[in-house]
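These notes concern the structure reproduced below.
Derivation of every value follows stated rules applied to the coordinates shown; laboratory data play no part. None of these values were measured; they are calculated from a predicted model. So basically every Cβ, Gly included, is an ideal-geometry build from the backbone, and we count neighbours across all protein chains shown.
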Amino acid sequence: MRTSQPARRRHFLPFALISSVALLLTSCGAGSGDASAGGGSGDAAEAARIPTTDVVSGIQKDPAAAELLPAGVTHLTIAYSVGGTPPGTSYLDDGKTLVGQDVDFANAIAKVLGIRLDKQEASFEAILPALGSGKYDLGAGNFGVTEARRKTIDFVTYINDGQGFAARKDSKLGRVTELKQLCGLDIATGAGTTFEATLEQNEHVCADAGEKPYKVQTYSETGALWSSLQQGRSDVVMSTINGLRYSVAQQPGLKFLNEFHRLDVGFAFKKGTKLAPAFQAAVNKLISDGTYRKILDKWGTAGSAIKESQISPPELRS
């Protein structure tokens, strides 16, 4: 979903620097770094803030939903994008246990369908292309449903999240309702995301307004993204609404600006998958029996609740 721009600044920090930044941010109350990058006291402090309430183990198999699975399916391989701030997927301080909202939803669905999940870790930008090759059966990483993605990916929705902005408290920015308010600023965001695509597709707004263009800085690791804002190398962060709210609550000196564009979020599958009806039924079962709300309450994301799951709905327009 990226458009190559020769002048664009790409920031893919080396492993050692990522680890240092993650620890630095955690020590000052930031969101999670990548706990798999080595562990340490900072990671343990972050893990202590991650909710660990068990909302999944008591779920029973639902025969009606399980019947919708293709014949012979007993286990699936799921790829998680790991390293984001909660409610995104991260590790506990043991460096092995994956936790996050997506993990809880996937585990709950597996219980409903009576299947086993083989959990794999992959970078956010690598998951969707790998679905078509069959490397993974499904992907989870707060994947927003967009028209561009619907051309090659099928989705089963389970929450509504979307795009938003955050800045340092000393920023003069208030509510950002249009991208031309960001002209002349440096914007940090995740590589391969809908945020990057939105910014690239609308680069013309500043020229149209006779203003200096904004500059997009992309990062493959969340700790590095927030470090760029805290250290003044960027002026604004564009990311998920829920992730921004959590990070701003944990980090001093930052403010959440506003929700910019809501998107349905879903588990991602290769186009034409036969797994979608079973997963849709499983999500709807979780909604009807109250487990769905327990998961949202655990992660503080009740504002992202949906009334029912859909298969590859049209992109929300707002």
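Structure data summary
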{"read-out": "Scattering profile of the range 45-113 at q = 0.20 Å⁻¹ [log10 I(q)/I(0), Debye over alpha-carbon scatterers]", "value": "-0.87"}
{"read-out": "Antiparallel bridge percentage (DSSP; both residues within the range 162-261; nearest 5)", "value": "60 percent"}
{"read-out": "Which listed pairs, of LYS111/LYS285; LYS96/LYS270; LYS172/LYS255; LYS212/LYS255, have C-alpha distances above 19 Å, in listed order", "value": "LYS96/LYS270; LYS212/LYS255"}
{"read-out": "FRET efficiency estimate (nearest 0.05) - Cβ-Cβ, ASP118 to GLU200, R0 25 angstrom", "value": "0.15"}
{"read-out": "As computed over the range 162-261, the Cα convex hull volume per residue (Å³)", "value": "84 Å³"}
{"read-out": "Paired Rg and Dmax values of the range 35-189, which use every Cα atom, in angstrom", "value": "18.5, 58"}
{"read-out": "Range of Cα positions in the range 185-228 per principal axis (Å), largest first", "value": "34, 19, 8"}
{"read-out": "Descending semi-axes in whole angstrom, ellipsoid equivalent of the range 182-318, from the Cα gyration tensor", "value": "32, 20, 13"}
{"read-out": "Segment LYS169-ARG49, length gained on full extension (0.36 nm per residue, minus Cα span)", "value": "40.9 nm"}
{"read-out": "Range of Cα positions in the range 246-318 per principal axis (Å), largest first", "value": "47, 28, 20"}
{"read-out": "Projected label distance in nm at LYS307 and ALA148, using a 7 Å step from Cα toward the beta-carbon", "value": "3.1 nm"}
{"read-out": "Highest to lowest packing among 276-282, 94-100, scored as the average C-beta count within 10 Å", "value": "276-282, 94-100"}
{"read-out": "Net lengthening on full extension, ASP208/HIS261 (0.36 nm per residue, minus Cα-Cα)", "value": "16.9 nm"}
